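What follows is one structure encoded as structure tokens, with my remarks underneath.
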Amino acid sequence: MRQMANLPVFLKLSGHPCLVVGGGEVAARKVRQLREANADVLIVAPQLCPELQNLAAAKQVRYEAGRFAEKHLHGCSLVIAATNDRDVNENVSKACQNRQIPVNVVDDPELCTFITPALVSRGPVQIAISTGGAAPVLARLLRARLETIIPSAYGRLAELMQQFRAQAKEKFPEFDKRRRFWEQLVSGPIAEMLFAGQDEAAFKALEQQLDSEEDSVTTEGEVYLVGGGPGDPDLLTFRALRLMQQADVVLYDRLVSPAIVELVRKDAQRIYVGKQRDQHTLAQEEINRLLVKLARQGKRVLRLKGGDPFIFGRGGEEIEDLAAEGISFQVVPGVTAAAGCASYAGIPLTHRDHAQSCLFITGHLKDDALDLNWEALVQPGQTLAIYMGMKGIDVLCRELIRHGMQAGMPAAIVQKGTYPEQKIFISELGRLAAVVEENNIKPPAMTIIGEVVTLHEKLAWYKP
């Protein structure tokens, strides 16, 4: 895991003396932020821009004309240098660091002991975005995107929750139960009332819920069967991310990328149940029993699988047991490996000129044999997408050719598709097994056979 360059911290500056060195438009922007935090702002600069002149005239900030001197640091809680003179900025930085006063020098990360993030503000809800000073423009772009998808009502929701914090703590003294109560609230009808502008109705509903003698918290366990996709976290669905953030415990597979596992709620218990050929951390039957056991304990259990849980993911077997035991569950589809790997390799699985159908096939050997309907596989205008095919690739190729497929049929292997380490091997069916051996190709790898493979060179867009 990469270490953080900066520790994200929100400072309480209300009433605290803060110094801004500089009087231009950049300084004005920083003064604006400090005033929003209700800081007591002193500006030191030879002259001020019109905005700062107005603030000084209205006595909303203190102003001292002239150049920075160390005397200006007396009693300061925080300092910002925003001049266009690097020598001045460097002097401010050194003086602050000698006194262990937090200092920010605008657009000069080397001189900073803290940085000011791009901020999305919704009342009490504040989301800070930082690139550690490496790319401020990117941080501002991310802020703009978040501004468009986070409703202003989230601020009102936070204010409502704050009003009832003490009452909720009294009714639910146990932390886990109280957390479950708030989680149910933010995703339930009271939150929807706020989002619809019915603030008074939401207030009354929450008041009644907390005044009621009934225990309004659901403590029954539930299982979320979630497809994690082929590897790239950007391919997760919104619903998958939401459930990943509210699960108490997660069981995850070998094919789930570490970057996706990192998106699970930080305090959730993590249990690795990965399986590879002849090496099972837990047998499937044990995984099924564990899901039932954890749900019966009242846990919200995330069963996180690579790809899609219903496409060669044995998801059906797991929820059969849950259904038989009366355990509530949800299923969230994921981008299956065939779709993800093919897309990132620039190989369309169907194409009007090359393939009018596509078959998803498991290449998993049983007793060193493949039990497949070979005649159905060897059809014109068809693409074969083969999962788990590396171990039996020689058997697969030999049988396809024996049943009539041309040895020159275009074929591709996409190793670690959608990952930054993605590799693509283009060959022909007759040479495919040799390509695997020569390049020591290991799972996860998807095999694609068909005329559509010829489009790779023209359509390849992902350059990891």
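The values are calculated or read from the model by the stated rules, or taken from the named source; none is laboratory data. The structure presented is a predicted model; accordingly, all values stated were derived computationally and were not measured. Note that each Cβ is placed from the backbone with ideal geometry, even for glycine, and that neighbours are counted across all protein chains shown. To get the accessible areas, we keep the full protein, side chains included, count just its heavy atoms, and leave off ligands, DNA and RNA. Shrake-Rupley method; radii C 1.70, N 1.55, O 1.52, S 1.80 Å.
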The residue from Glu64, Glu90, Glu51 that alone is at pLDDT 95 or above and assigned to a strand (DSSP E or B) is Glu64
For helices (runs of 4 or more DSSP H) lying entirely in segment 113-183, having 2 or more residues that are among the β-branched types (Val, Ile, Thr) picks out 136-149
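Residue by residue, here is whether (1) farther than 26 Å from Val103 by Cα; (2) surrounded by fewer than 17 Cβ atoms within 10 Å (Cβ to Cβ); (3) among the β-branched types (Val, Ile, Thr) holds:
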residue: Arg122; (1), (2), (3): yes, no, no
residue: Ile129; (1), (2), (3): no, no, yes
residue: Leu138; (1), (2), (3): no, yes, no
residue: Leu141; (1), (2), (3): no, yes, no
residue: Leu160; (1), (2), (3): yes, no, no
residue: Lys169; (1), (2), (3): yes, yes, no
residue: Asp176; (1), (2), (3): yes, yes, no
residue: Arg180; (1), (2), (3): yes, no, no
Cβ pairs under 6 Å, 6+ apart or interchain, first in segment 367-379 and over 14 Å from Asp394 (Cβ atoms), second modelled with pLDDT of 90 or more and exposed (fewer than 13 other Cβ atoms within 10 Å of the Cβ), ordered by first then second residue, are Val378/Gly404
**Asked** Quick check, is Asp87 more than 33 Å from the chain's Cα centre (by Cα) and either buried (at least 20 other Cβ atoms within 10 Å of the Cβ) or without any contact (Cβ under 8 Å) to a residue 12 or more places away in the chain (or both)?
**Response** yes
In segment 58-91, anything of a type in the set (Val, Ile, Thr) and within 13 Å of Ile43 (Cα to Cα) is listed as Val61, Val79, Ile80, Thr83
Note on Val105: of the conditions (1) β-branched (Val, Ile, Thr); (2) closer than 16 Å to Asn6 by Cβ; (3) in contact with a helix residue (DSSP H, G or I) (Cβ under 6 Å, 6 or more places away or on another chain); (4) open to solvent by 30 Å² or more (accessible area, probe 1.4 Å), unmet is (4)
